[in-house]
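What follows is a set of notes on a single structure, which appears directly below.
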Amino acid sequence: MRLLFAFVAVLALAVPVARAEAPAPSAETLSIEDARGVVTIRGSGIVIGRLDRGEIQVVDLTPLDQWSPRVNGVPRGKTVWTRGKDVNFYIPGGRFRITVRGEGFSISARGQGFAVLDGRPDVTGATGTYAVGDLDPVPLPVGAERVTFGSPLTVKRLAPVKVVP
């Protein structure tokens, strides 16, 4: 009888521990696929992307760190602006602000921040899709909409600060 009681006690403790070890859904990523319109992302972390046709502006908000943005494989300075076709970009770390305007672009960001999404539908009405973390992809909104990814505490810190003289 004691053995049965001990077995039930161990089993009762093991079930909550097994539930606690299950990984929580990740919200530290933002994925944008086959988008059309304008997307602005401000945050910190790693970003990789591709643009079929349009323009991109990258502002490195931590220019004195070891990370520098790369466009088409070439390291760049504090501010990068380019327009064209088949543009690839990569930010290996640090804080940044990226604005992509065009069609057929895909962006993957991991870290913390927010994005302002403004899709422009094509003739079929498609604007592309976006997903935060492990959630299912949804169409880019037509009209500006703000989406947060990563830690909300960090996002508040990244918001612009108004300095009064």
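Would you check which residues across the range 122-151 are of a type in the set (S, T, N, Q), over 23 Å from Ser44 (Cβ atoms) and in a strand (DSSP E or B) and list them?
Thr129
Among the numbered criteria (1) surrounded by 16 or more Cβ atoms within 10 Å (Cβ to Cβ); (2) under 12 Å from Gly43 (Cα atoms); (3) at pLDDT 90 or above, which single criterion is violated by Phe105?
Of (1) surrounded by 16 or more Cβ atoms within 10 Å (Cβ to Cβ); (2) under 12 Å from Gly43 (Cα atoms); (3) at pLDDT 90 or above, only one is false for Phe105: (2).
Among the residues of the range 113-128, is there at least one that is at positive phi, surrounded by fewer than 18 Cβ atoms within 10 Å (Cβ to Cβ) and touching a residue at least 24 places away in the same chain (Cβ under 8 Å)?
No, the range 113-128 contains no residue that is at positive phi, surrounded by fewer than 18 Cβ atoms within 10 Å (Cβ to Cβ) and touching a residue at least 24 places away in the same chain (Cβ under 8 Å).
Return the residues of the range 73-83 that are closer than 15 Å to Gly54 by Cα and surrounded by 14 or more Cβ atoms within 10 Å (Cβ to Cβ); say none if nothing qualifies.
Within the range 73-83, Val80, Thr82 qualify.
Output yes when any residue across the range 24-45 is at pLDDT below 85, outside any strand (DSSP E or B) and hydrophobic (A, V, I, L, M, F, W, C), and no when none is.
Yes: the range 24-45 contains one or more residues that are at pLDDT below 85, outside any strand (DSSP E or B) and hydrophobic (A, V, I, L, M, F, W, C).
Quickly run through the range 53-68 and pick out the residues that are of a type outside the set (Ser, Thr, Tyr), surrounded by 16 or more Cβ atoms within 10 Å (Cβ to Cβ) and touching an Asp or Glu at 6+ places or on another chain (Cβ under 7 Å).
Selection gives Gly54 alone.
Going by the structure shown, is Gly84 outside any strand (DSSP E or B) and of a type in the set (Gly, Ala, Ser)?
Spelling it out, it is not the case that Gly84 is outside any strand (DSSP E or B) and of a type in the set (Gly, Ala, Ser).
Step by step: first the residues of the range 85-102, then only those that are surrounded by fewer than 14 Cβ atoms within 10 Å (Cβ to Cβ) and within 22 Å of Asp60 (Cα to Cα), then the one that is farthest from the chain's Cα centre (by Cα). Which residue is that?
By that ranking, first place goes to Asp86.
The values are calculated or read from the model by the stated rules, or taken from the named source; none is laboratory data. Bear in mind the structure is a predicted one, so any value in this text is a computation, not a measurement. When we count neighbours, we look across all protein chains shown, and the Cβ atoms used for this are built from the backbone with ideal geometry, even at glycine.
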